[in-house]
Each structure stands twice: as structure tokens, then as C-alpha cells.
Amino acid sequence: MDEKLITFTVPCYNSEDYMCHCIDSLLTAGDRAEILIVNDGSTDRTGEITEQYEARYPNICRVLTQENGGHGAGINHGLREARGAYFKVVDSDDWLDEEALAQTMALLEQLEKEGGVDLLVTNYVYDNTDASLTRAIKYKNVFPQGKILQWNDTKSFLPWQYLCMHASTHRTQLLRDCEIELPEHTFYEDNLFAYLPLRKVRRLAYLDADLYHYLIGREGQSVAEEILKRRCSHQILVSTLMFQSCDPTDLKTEEPRLAKYLYHALVFFMLLATAFARLNDTPEADRLVRDMWERLKDINRTLATKLRYRSLAVFMNFPGKAGRKFAIFCYRLSHKFVAFN
């Protein structure tokens with residue numbers, strides 16, 4: 001088999017209604033791409049569809065079948081099997097832009113001639129099912145384009161900007177060196193996937209192209225507010241795992257820009273974890289938040305105290321019913337102007 005430039009992993013669970021759009025968009029990358037379609041214990045026609053793609057495109061598509069373990073298990077499986085130099089996860093209800101994908105493949109080819117990068121950052125687009133919101137999230141204020149970068153070449157992220165899975169294409173070996181193993185049956189673990197490798201990223205590049213299209217508004221989607229409320233414990237777990245993965249202050253001397261971003265991302269995700277819990281507007285949810293902060297103090301008291309009392313997190317953690325109402329108001333106001341799910 002020809003050497004693959006990139007592996008796309010597509011975790012699929014009961015995805016028969018939309019997975020073809022996703023996979024067809026990836027096929028435009030051609031033979032230098034490998035598409036791993038992970039059937040995560042589906043009970044609909046997903047398995048049948050995956051086999052059809054493997055039969056039609058045997059040099060590009062491979063089917064991986066597993067018992068249901070959730071999105072994270074699908075990513076873990078894909079990473080173990082990947083043959084591409086680079087690795088990107090594409091959810092089965094999302095897709096990649098054909099023109100931007102061609103630009104991405106061409107850039108990766110060029111970067112490989114220059115020794116490669118650990119991380120390629122591209123833009124992503126929120127596509128709402130009712131067309132009420134289509135918005136591109138760009139990073140040209142942070143990353144210069146057209147060259148291999150070090151962290152000290154970057155500028156500051158805006159308060160609501162962060163590097164998510166949709167924006168990230170990693171060197172496969174870097175992910176393996178980091179021993180990435182995402183929790184099973186856990187939602188929002190894609191944030192952990194994007195965050196964990198960053199402490200080892202030293203060479204990166206940015207392409208100002210709207211590559212990833214992220215569908216929002218589908219019924220039952222994990223970013224719908226009612227589901228965010230019910231699954232707030234998942235975001236708390238993911239944020240806690242991010243917190244314990246490294247102390248950004250340890251990198252302050254060696255990589256100050258990276259340390260600044262890692263701290264920025266921790267603040268952001270602690271805000272989300274707190275907000276999603278407090279949306280429930282119950283004393284029980286408040287206890288979940290208090291327990292989270294106590295666990296963080298047990299892991300690293302100095303860092304937890306700094307996050308809790310010397311960042312924006314202080315505004316989301318005022319006690320009591322009035323504090324819950326204020327936190328919910330802040331979340332809804334922010335979400336009105338900034339799409340961050």
C-alpha cells in the first residue's frame with residue numbers, strides 16, 4: 001500500500017442518515033489519504049454502509065468495528081490503526097470543504113519536505129441546520145501563515161478562542177508519543193484530545209482556510225443546551241483531566257507562549273464546566289462544581305487557587321441561588337455573541 005500522508009478517522013454510531021456526506025467529502029483528498037470508518041456498535045445501517053465504502057475504495061477506506069464505547073473509543077481505535085503521517089478526526093455528521101482540503105493536502109506535502117510539523121491549524125465553520133448561524137472561526141490573529149512556526153512566533157488568543165479538535169491536524173507519531181487514550185462513554189472528550197498533545201508541540205503551521213464544517217442544531221446533539229445540562233458531569237471530568245495533565249507554569253521558562261495558551265485554555269474549560277453544571281439551577285449541581293474545585297485543589301492547590309480566584313472563573317462561582325442566576329446570565333449573554341460549543 002502507498003504511504004499515506006494523512007489518516008481521517010470517522011467515529012460512527014447510528015450515522016446512516018448523514019455519514020455519506022462526511023465520507024464523500026474526505027474522498028476528495030485522493031489516494032494520499034486513508035479513511036478509517038469506525039463502526040461503534042451501531043444498530044442501524046451504519047455497518048452496511050461502511051462495508052460498501054470499503055468495497056468501493058479499498059485503497060482509501062478501511063472499516064474498524066468495535067463494541068459501543070463512545071466517541072473517544074472510536075478515536076482511540078483509529079489512532080492505533082492509523083498509517084498516515086498526520087491524523088485528523090472528522091465526526092460523522094460533519095464534513096470538510098473540498099477546496100480547503102486540497103489546500104491542506106498540498107501544504108502537508110510541502111511541510112513534509114521541510115521536516116514536517118507537529119500540528120497544523122486550520123479554520124472551522126459552524127453550520128446550523130436551519131441556516132440561522134454560519135460562522136467561520138479563524139486564527140489569523142494568532143498564527144502567521146505560510147511558514148513553519150515556533151510558539152514564540154504566535155500572538156495572544158482572544159478570550160473565547162481555543163484550539164479545538166475541528167481546527168487541529170496532528171502528526172500521528174506525536175499523538176502516540178503522548179500516549180493519548182481518551183475515556184470511553186464520555187462526551188466532550190474531543191477537547192481533551194485537542195489539549196493533551198499541545199505540551200509536546202514544538203513545530204506548527206497555520207493555513208487560513210475554512211476546512212472543517214461543524215454541524216450544530218441536529219436533534220439530540222451533545223451541544224444542545226438541555227443535553228449540556230444533563231451531561232455536565234462529563235464536562236467536569238474532561239476539564240479535570242485537562243487540569244491534571246500538566247501544569248502550564250512548568251513551561252513558562254522554556255515556552256512562555258505555550259504556557260500562556262495552556263493556562264488560557266484551562267480557564268476557558270473550567271468556565272464551561274461550571275456553566276454547564278449551573279445551567280441546571282439546582283443545589284445538587286452546585287455541589288458538583290464545589291466537588292470539582294476540591295479535586296483540583298487536591299491535584300495542584302496553587303494552580304487551582306489561581307484559576308478559581310484570579311481568573312474569569314470567579315464570576316461563574318458566586319455562591320447560592322443568586323450566584324447561579326448570575327452564572328446562567330453570563331453564559332447566555334456570552335453564547336449570544338460567541339459560539340463556543
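The values are calculated or read from the model by the stated rules, or taken from the named source; none is laboratory data. None of these values were measured; they are calculated from a predicted model. Using ideal geometry, Cβ is built from the backbone for each residue, glycine included, and neighbour counts are taken over all protein chains shown. Calculation scope for accessible area: heavy atoms of the full protein, side chains included, ligands and nucleic acids excluded. Shrake-Rupley method; radii C 1.70, N 1.55, O 1.52, S 1.80 Å.
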Exercise. Scanning segment 174-200 for residues that are outside any loop (DSSP other than H, G, I, E, B), farther than 21 Å from TYR214 by Cα and without any contact (Cβ under 8 Å) to a residue 60 or more places away in the chain, which turns out most open to solvent (accessible area, probe 1.4 Å)?
Worked result: ASP177
Exercise. Somewhere in segment 107-120, is a residue touching a residue at least 40 places away in the same chain (Cβ under 8 Å), over 30 Å from ASN141 (Cα atoms) and open to solvent by 10 Å² or more (accessible area, probe 1.4 Å)?
Worked result: no
Exercise. Of all residues in segment 3-23, how many are touching a strand residue (DSSP E or B) at 6+ places or on another chain (Cβ under 9 Å) and acidic (Asp, Glu)?
Worked result: 1
Exercise. Of the residues in segment 270-285, how many are under 20 Å from PHE187 (Cα atoms), part of a helix (DSSP H, G or I) and either basic (Lys, Arg) or open to solvent by 10 Å² or more (accessible area, probe 1.4 Å) (or both)?
Worked result: 3
For this session: Mind telling me which of the residues LEU333, LEU279 ends up being closer than 22 Å to LEU241 by Cβ, of a type outside the set (Gly, Ala, Ser) and modelled with pLDDT under 90?
Result: LEU279
Problem set entry | Every pair of residues 6+ apart whose Cβ atoms lie under 6 Å, when the first sits in segment 224-238 and is closer than 20 Å to ALA313 by Cβ while the second is among the acidic types (Asp, Glu) | VAL238/GLU189
Seminar exercise, completed: When segment 28-57 is checked residue by residue, the ones that are open to solvent by 30 Å² or more (accessible area, probe 1.4 Å) and either free of Cβ contacts under 8 Å to residues at least 12 places away in the same chain or not in a loop (DSSP other than H, G, I, E, B) (or both) are ASP31, ARG32, GLU48, GLU51, GLN52, GLU54, ALA55, ARG56
Exercise. Are any of the residues in segment 204-217 part of a loop (DSSP other than H, G, I, E, B), of a type in the set (Gly, Ala, Ser) and modelled with pLDDT of 90 or more?
Worked result: no
Seminar exercise, completed: Taking segment 151-193 and keeping residues hydrophobic (A, V, I, L, M, F, W, C) and under 18 Å from SER92 (Cβ atoms) leaves CYS164, MET165, LEU182, PHE187, PHE193
For this session: Filter segment 62-81 down to residues that are in a loop (DSSP other than H, G, I, E, B) and open to solvent by 10 Å² or more (accessible area, probe 1.4 Å) and give me whichever is farthest from GLN52 (Cα to Cα).
Result: GLY70
